[in-house]
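The values are calculated or read from the model by the stated rules, or taken from the named source; none is laboratory data. Small disclaimer: the values here were computed from a predicted structure and weren't measured. Positions of Cβ are generated from backbone atoms using ideal geometry, with glycine treated the same way; all protein chains shown enter the neighbour counts. The area values use the complete protein model at the heavy-atom level, side chains included, leaving out ligands, DNA and RNA. Shrake-Rupley method; radii C 1.70, N 1.55, O 1.52, S 1.80 Å.
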Amino acid sequence: QVQLVESGEGLVQPGESLKLSCAASGISFEHYAVGWYRQPPGKQRELVAQITRDGATTMTDSVKGRFAISRDNAKNMLYLQMNNLKSEDTAVYYCFASFLGPRNWGQGTQVTVSS
């Protein structure tokens, strides 16, 4: 049974940093492409960043230079380091894992950026 559990939610001020974590279980983590989506209030879910099993990363333009995605296959962990946060980064963040098929999703974690 695939299980993805996000952590690291928080309320921060603009310009501050936050690190999200996603713990995976029930999968051979190292074989999966993994990443993060987010859903801002009243908007559709959008891709933030993803990292393939080979370590290649993709970042959406709005977070390039501010966010970094990484994975630790030994610990079955996925991370999203978010720096210089902006109010428009406010959203529920979801981690996902995919292996040649539909994505498996975590339950989501709230990030709020507000002064």
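Summary of values
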item: Amide H contacts of Val48 (H built 1.01 Å from N, under 5 Å, at least 5 apart or other chain); result: Trp36, Tyr37, Arg38
item: Distant-in-sequence amide H partners of Phe67 (H built 1.01 Å from N, under 5 Å); result: Asn83
item: Relative contact order (%) - the chain, alpha-carbon pairs under 8 angstrom, separation at least six; result: 37 percent
item: Note, ³J(HN,Hα) from phi for the range 16-23, Karplus 6.51, -1.76, 1.60, rounded to Hz, x at Gly and Pro; result: 7, 10, 7, 10, 9, 10, 9, 9
item: Surface accessible to a 1.4 Å probe, per residue, for the residues of the range 1-56, Å²; result: 56 Å²
item: Potential lengthening between Lys43 and Ser7 on full extension [0.36 nm per residue; Cα-Cα distance subtracted]; result: 10.8 nm
item: Net charge contributed by nearby residues that have their C-beta within less than 13 Å of Glu46 (K/R +1, D/E -1); result: 0
item: The range 1-102, dipole about Cα centre (Lys/Arg Cβ +1, Asp/Glu Cβ -1), debye to the nearest 20; result: 60 debye
item: Interchain or long-range residues, amide H under 5 Å from Glu16's placed H; result: Leu85
